[in-house]
Amino acid sequence: VQLQASGGGLVQAGGSLRLSCAASVRTFSDYDMGWFRQAPGKEREFVAVINWSGSRTTLADSVKGRFTISRDNAKKTLYLQMDSLKPDDTATYYCVAGLRDKGIAAMGAFGSWGQGTQVTVSS
């Protein structure tokens, strides 16, 4: 699986960004998909995951109510809509493909990672 994330940038606090992740894969719906992020000097953290069909999502407590994860299997693309951004959201965001129903930890440890896109939120 090859993943290409895009859509990052510089935004003021309270603003919005939409990240996209295009997958080069035979069957996109073979994979659960997720977003992780890593800020400078901090450990990588889970942000959001969506199951293969798009029927189930899980978001980290820190982004609930502000971020929305979605996917378009026909376009083989994953999205992360980020609203009400805060300076603490500043990080490199990575999309990840994991095997179906293996869980978030397995996705983080064994999934296929894209190259990351930088999000910077100014105060």
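Only the coordinates and a few stated rules stand behind these numbers; no lab work does. Everything quoted here is computed from the prediction, not taken from an experiment. Here Cβ is always computed from backbone atoms with ideal geometry, including for glycine, and neighbour counts include all displayed protein chains.
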### Message
Mean-square fluctuation check for the chain, GNM, Cα pairs under 10 Å: which of 109, 48, 22 is largest?
### Response
109
### Query
At each listed q (0.21, 0.22, 0.33 Å⁻¹), what is the log10 of I(q)/I(0) that the Debye formula gives for the range 41-86 modelled as equal alpha-carbon point scatterers?
-0.75, -0.81, -1.23
### Query
Which percent, nearest 5, of DSSP beta bridges in the chain are antiparallel?
90
### Task
Compute the signed sum of charges (Lys and Arg +1, Asp and Glu -1) over the other residues within less than 14 Å, Cβ to Cβ, of residue 123.
-1
### Message
Quick query: amide H of residue 90 versus all other amide H atoms, modeled in the peptide plane; which residues come in under 5 Å with a sequence gap of 5 or more or a different chain?
### Response
121
### Message
Spelling out what I want: for every residue of the range 59-71, take phi, set θ = phi - 60°, compute 6.51 cos²θ - 1.76 cosθ + 1.60 (Karplus), and round to whole Hz; glycine and proline get x.
### Response
10, 5, 4, 5, 10, 4, x, 10, 10, 9, 9, 8, 8
### Query
Tell me, what ³J(HN,Hα) does each residue in the range 12-20 have, in order and in whole Hz, if you take phi through Karplus 6.51 cos²θ - 1.76 cosθ + 1.60 with θ = phi - 60° and put x for Gly and Pro?
7, 3, x, x, 10, 9, 10, 8, 10
### Query
If we count trypsin sites (Lys or Arg not before Pro) as exposed when they sit in a DSSP loop and have at most 14 other beta carbons within 10 Å, what is the longest stretch of the chain that avoids them all?
1-25
#### Entry: Sequence-separation-based contact order of the chain, relative, with Cα cut under 8 Å and 6+ spacing, percent
36
### Query
How big is the gap, in Å, between the Cα center of the range 47-80 and the Cα center of the range 1-44?
10
### Task
Find the percent of Cα-Cα distances in the chain that exceed 21 Å, and round it to a whole number.
30
